[in-house]
Amino acid sequence: MMQVFLDNIVFSIQKAGGVSAYWYELLSGMCNSGLSIGFLNARPGSDNIFERKIEYHRFNCIRESWIPSKYLRYLPVRYPLPAAAVFHGGYLRVSPQKNILNILTVHDFAHERKLASKFPRGLANTLQKAYGIRRADGIICISDSTRKELLHFFPGIDPAKVKVIHHGIAGDFYPINKQLPVSCSLEIDLHKKFILYVGARRNYKNFFMAVKTMELLPSSYHLVVIGGESWNKNEISMMKEKLAGRYHIFPTVSQADLNILYNHAFCLLYTSAYEGFGFPPGEAMKAGCPVVTTSMTSMPEVVGTAGLMADRADPLLFAEKIRSLENDTFKQQLITQGLQQVQQFTWDKSVQETIGFYKDCWNYKFST
């Protein structure tokens, strides 16, 4: 039987976030696949919201090294794996072992585009990614956009060993009957007209564009900001100055509350200019919430014709798209299209395609 070893060091890198959400959903499916599974770098007492859910006692868990994870994350895997094993790293790591199969997932090229972390972390990321891409026997890209960038930055890579496997969208998001009372733990009037902003705010996420968009809209529109980095004094001052009385900030929310917000929001405003995939637009569509975003990188793949896409991150264009949703008939058409569009993104499909890719790569390497 093919043995699969999954590196869970990604959970030590972030407490939540898209990459760890992907890794949790993937390994959850793997655990129920009948494959022989082993985990490297498991942390039963983790502060990552996804890792806390894993029943590690059911599986073979290997401590790779005593090196702290903040350093280990940048190093190749040193633990000797059985011959012909599959190693899949949760975040950019590969093994130098020649008699095993290395699978690498590439999410985006934000560091290569100089859009993410600055020196030295950005350099460490790009060097580690380059090493992994060159050593990998099979490379998973989470969108066609990421695949195109991979082949742009690494034109010598054989396209045959690169496969696009889209993320799924969690089942926690779904339409609810808004005529019935809801149990929401957040202090917010769900009957007010509010625009939802979900996730990180810095760099290419363009949160300031969302604020500028709100300034162009009537005062009846409010902005609800969910998650993201800790707020600093300058950000709070900006919100008070530009959107006084028109905003709500919720640093953390439950999946249940987020689903309620998606259901009651006028729309999701997703101002990001760069995404490997982008969970919030998919989550919003699954909950029956219209999406206003850009047509950049992977967004057309995720929202299809169901989203309102501006050809650049521009407050004037975003405001125009939002105002068009005041036509109820048009808005309902988009909601219906969104519910249909998002059906193609399931974690079961993603897991099965990943297992199939393991087998194809394994057969190519060890059966020929």
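We did not get these values from a lab; they are worked out from the coordinates using the rules stated. In this text, all values refer to a predicted model and were calculated from it rather than measured experimentally. With ideal geometry, Cβ positions are generated from the backbone for all residues, glycine too; neighbour counts draw on all protein chains shown.
Here are the numbers for this structure:
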quantity: Candidate aspartates and glutamates for bridging to Lys98, where Cα separation is under 17 Å - those fewer than 8 sequence places away on the same chain excluded; calculated: Asp137
quantity: Count, lysine Cα pairs under 26 Å in region 201-299, 8 or more residues apart or across chains; calculated: 8
quantity: Efficiency of FRET between Phe208 and Ile62 - r from beta-carbon atoms, R0 35 angstrom, step 0.05; calculated: 0.20
quantity: Listed residues Tyr221, Tyr270, Tyr358, most fluctuating in the chain (Gaussian network, C-alpha, under 10 Å); calculated: Tyr221
quantity: Most to least packed among 251-257, 145-151 [average Cβ atoms within 10 Å]; calculated: 145-151, 251-257
quantity: Label point distance in nm, Ser367-Asn234, each placed 7 Å from Cα along Cα→Cβ; calculated: 5.7
quantity: More than 13 Å apart - percent of Cα-Cα pairs taken over region 60-120; calculated: 69
quantity: Placed amide H near His248: partners under 5 Å, 5+ positions off or other chain; calculated: Leu223, Val224, Val225
quantity: Chymotrypsin sites (Phe, Trp or Tyr not before Pro) within region 43-116, DSSP loop, no more than 10 other Cβ atoms inside 10 Å; calculated: Trp66
quantity: Formal net charge of residues neighbouring Leu243 (Cβ-Cβ distance under 13 Å; K, R +1; D, E -1); calculated: +1
quantity: Kirkwood Rh and Cα Rg combined as Rg over Rh, evaluated for region 194-344; calculated: 0.93
quantity: Binned Cα-Cα distances of region 147-231, short to long, each 5 Å bin given as a whole percent; calculated: 3, 9, 13, 13, 15, 14, 12, 8, 6, 5, 3, 0
quantity: Formal net charge of residues neighbouring Lys193 (Cβ-Cβ distance under 14 Å; K, R +1; D, E -1); calculated: +2
quantity: Globularity ratio of region 250-329, using Cα Rg and 2.2 N^0.38 Å; calculated: 1.06
quantity: Given charges at beta-carbon only (K, R positive; D, E negative), |dipole| of the chain in Debye; calculated: 960
quantity: Residue-averaged 222 nm ellipticity for the chain, from DSSP H runs of 4+ at -39500 (n - 2.57), nearest 500; calculated: -10500 deg cm²/dmol
quantity: Counting all C-alpha pairs of the chain, share separated by more than 40 Å (%); calculated: 16
quantity: Difference of contour (0.36 nm per residue) and Cα-Cα distance, Ala83 to Arg135; calculated: 17.1 nm
quantity: Highest average packing first - 76-82, 229-235, 98-104, 285-291, Cβ atoms within 10 Å; calculated: 285-291, 98-104, 76-82, 229-235
quantity: Quotient of Cα Rg and 2.2 N^0.38 Å for region 21-101, N being how many residues it contains; calculated: 1.09
quantity: Length added when fully stretched, Thr252-Leu339, from 0.36 nm per residue minus Cα-Cα; calculated: 28.8 nm
quantity: C-alpha center-to-center spacing [region 159-223, region 292-346] in angstrom; calculated: 12
